[in-house]
């Protein structure tokens with residue numbers, strides 16, 4: 001029996017589980033390549049910017065930020081564009097920009113988490129509907145049934161449960177992987193923001 005024939009035994013709920021699998025894969029691919037394009041060596045980048053600032057090359061530092069992908073560069077650009085403003089104003093702008101960048105980093109993650117939670121539940125729903133069908137046949141035949149009569153309901157119960165668990169487990173792995181990458185970006189953003197704000201504070205003290 002082919003995989004398609006086995007899946008067909010699961011009934012209409014298998015269509016919903018299949019949609020969940022497609023959604024999970026699409027979100028994972030989109031997030032993976034988006035985050036990969038934004039990956040830089042944050043510490044090297046910040047040191048480069050600090051070196052330019054020490055040489056008073058603000059415009060060159062801003063150009064470097066514009067040419068560099070990722071949230072760390074975006075936050076640094078916001079800081080440099082307000083470099084001559086008071087410390088509190090820069091800090092407020094940095095925090096606002098940081099929230100925006102985190103929102104973009106976590107885009108679609110809630111949907112991926114939802115798929116990871118819903119797919120197994122759909123599988124269990126298939127189990128219930130499959131068993132309902134089996135017992136309806138038992139009732140309609142007044143208990144005079146053999147294994148072959150019940151096979152359809154049992155097939156639906158087992159196939160949907162297995163499919164839902166498989167999709168849910170894979171979606172959860174995808175979710176945790178992307179969440180780990182996002183957490184790393186957020187850590188780098190916080191670290192670079194702290195270093196930049198310290199430079200701003202030192203600038204105000206010196207002036």
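Bear in mind that the values in this text are calculations on the coordinates, not laboratory data. None of the values given here were measured: they were computed from a predicted structure. Cβ placement follows ideal geometry from the backbone for every residue including glycine, while neighbour counts extend to all protein chains displayed.
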Practice task
Enumerate the residues in segment 67-106 having an amide nitrogen under 14 Å from the point lying 7 Å beyond the Cα of residue 48 toward its Cβ.
Solution key: 67-74, 76-77
Handout entry: In nm, spacing of pseudo-spin labels at residue 103 and residue 87 (7 Å Cα→C-beta vector)
Key = 2.9 nm
Practice task
Take every Cα pair under 8 Å in segment 3-206 that's 6+ residues apart, average their separations, divide by the length, and report that relative contact order as a whole percent.
Solution key: 33 percent
Exercise for the section: Measure nothing fancy, just the Cα-based angle from helix 71-81's long axis to the longest principal axis of the chain, in degrees from 0 to 90, nearest 10. Expected result: 30 degrees
Fill in the blank from the handout: Given a Förster distance of 35 Å, the FRET efficiency implied by the Cβ-Cβ spacing of residue 186 and residue 124, rounded to the nearest 0.05, works out to 0.55
Problem - Helix 58-67 vs. the chain, principal-axis angle (Cα, 0 to 90°, nearest 10) - result: 20 degrees
Exercise for the section: Report, in degrees rounded to the nearest 10, the 0 to 90 angle that the Cα long axis of helix 147-206 makes with the longest principal axis of the chain. Expected result: 10 degrees
Exercise for the section: Could you check the simple spin-label distance between residue 37 and residue 132, using points 7 Å along Cα→Cβ, in nm with one decimal? Expected result: 4.5 nm
